[in-house]
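One structure is given below, encoded as C-alpha cells.
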Amino acid sequence: MSTEVPPSETPFVGKSVVTLDDLSRHQILELLHKAAYIDAHRREVSHTCDGRVLATLFYEPSTRTRLSFETAMLRLGGKVIGFAGAQLASVTKGESIADTIKTVSNYVDAIAIRHPKEGAALVASRAASVPVINAGDGGHMHPTQTLADLATLQSRFGRITDLTVGLCGDLTFGRTVHSLIETLCRFGNVRFVLISPDELKTPQYVIDRINATPSCSYVEVRDLVSVIGNLDVLYMTRVQKERFFNEDDYLRLRDTYILDEAKLSLAQPHMAVLHPLPRVNEIAVEVDDDPRAAYFEQVKNGMLMRMALESSVIGDELPGYVPLEPKEVQA
C-alpha cells in the first residue's frame, strides 16, 4: 500500500526544487508523464508560458545545463534573462546571494541557479518570492540531472523500477550517481551493480540507503566485463586522475573503465548506456552509433523534464494535458 502524500496536499505551483526530496514520488512521476506529453505535442505546448520570464543565474560556467534551462522556457513560449559567470554579476561588488535573489524575484516568474558553493540553492530558495530550481550547487545536488536520467529510463524501458542498473567508474565522488541511487530507492525494485576500483567505491551512506530499501539490492565488483551481460542499464562516469594518490594505480585502472565496442558486444541488445556528460575518454566515440547509446538522448530528456518542471512550478497548464492519476503511484 502506498504511503504517498496525496498530490492535493503537496502543491507544485510556487514550489522551489533544491533537492529531489522536495518532490513527492507522485510529483516525480507526474513530471515524467508531462515530459512524454511535451515531446509528443511540441507545437501544442509552445505557448504554455507566454509572457513568463525565467532567470538563469549561473555563478559558474555551464554549457548543457544553462542552455537546457533556457531552451526549455523558450520552447514553452517564455523569455529568459540572466548571466553565466560570477564576474558578470553584482557579486563582484560584494552583493550577497540573498540580495541578488530578492532583487531578481521582482523581475521574473522563476529562477534557475547554479553556484559553486554547496547550500547556495537553499539560501536562494529562502530569499526568493518566486520558485527557485537548483541547477547544481557545488558537488552537492543536481536534481534536474537525475530527472533527465529517470526520463531516459522511462523512455527506454517504460518504467524506472524492476531494472538491473550498473554504475561504473568514480562512485566515490560521482554526485549524479549518488542522487540517482537514492531516488531509485524511493521507488524500489532495483538491483544495483556498483563497478569501481577500490579507491573509488560507493560511500557508506549510499550503501545504507540501498540496505534500508527491502526491495533493492546491490553487489560491488571491480571488473566491468564480468557483469556487463547482466545489466539493463550501464551508467558511466569519468575516473579522474586527480582522485588517485598513485599515478601507477590510475594508469593501471584507467582502461578498465573505458566502454568500447569490444566490451559492448558482451551486453544485452536492450541495455541502455547513460552518462551525465561531459565525457572525456570513458566512452569510446565508436559507441555513439550503437543503438544502446542513450547519453545524447539524456540531453533531450533533460530539456523535456525542465520544460515540465518550469511550467509546473510557475503554474501554467499544458494545453490538452491530462494529469497522472494518483492511484498510478506504486508503493
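The values are calculated or read from the model by the stated rules, or taken from the named source; none is laboratory data. Since the structure is predicted, the reported quantities are computational estimates derived from the model, not experimental observations. A quick note on method: Cβ atoms are made from the backbone with ideal geometry, for glycine too, and the neighbour counts reach across all protein chains shown.
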Original post:
Looking at (1) among the basic types (K, R); (2) at pLDDT below 95; (3) in contact with a helix residue (DSSP H, G or I) (Cβ under 9 Å, 6 or more places away or on another chain), can you tell me which one K102 breaks?
Top reply: (2)
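How about the stretch 269-297: which of its residues are among the charged types (D, E, K, R), in contact with a strand residue (DSSP E or B) (Cβ under 6 Å, 6 or more places away or on another chain) and farther than 20 Å from D255 by Cα? Before the answer, list the steps.
Looking only at the stretch 269-297, we keep the residues that are among the charged types (D, E, K, R), and these are 279, 282, 286, 288-290, 292, 297.
Applying the additional criterion that residues be in contact with a strand residue (DSSP E or B) (Cβ under 6 Å, 6 or more places away or on another chain) yields 282, 292.
Across the stretch 269-297, the qualifying residue is only R292.
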Original post:
Condition test on L259, is it of a type outside the set (V, I, T), farther than 19 Å from L167 by Cβ, more than 19 Å from the chain's Cα centre (by Cα) and surrounded by 16 or more Cβ atoms within 10 Å (Cβ to Cβ)?
Top reply: no
Original post:
Among the residues of the stretch 218-233, is there at least one that is of a type in the set (F, W, Y) and either touching an Asp or Glu at 6+ places or on another chain (Cβ under 6 Å) or in contact (Cβ under 8 Å) with a residue 40 or more places away in the chain (or both)?
Top reply: no
Subject >> Condition check for T48: in contact with a Lys or Arg (Cβ under 7 Å, 6 or more places away or on another chain), surrounded by 19 or more Cβ atoms within 10 Å (Cβ to Cβ) and either at pLDDT below 95 or not acidic (D, E) (or both) >> reply: no
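Scan the stretch 285-296 and give yes if some residue there is within 21 Å of L150 (Cβ to Cβ) and small (G, A, S), otherwise no.
yes
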**OP:** From A284, A272, A262, grab the single residue that is closer than 30 Å to Q240 by Cα and touching a Ser or Thr at 6+ places or on another chain (Cβ under 9 Å).
**Re:** A272
Subject >> Residues that are over 12 Å from the mean Cα position of the chain (by Cα), among the polar types (S, T, N, Q), under 23 Å from L54 (Cα atoms) and not in a loop (DSSP other than H, G, I, E, B), drawn from the stretch 115-161 >> reply: S125
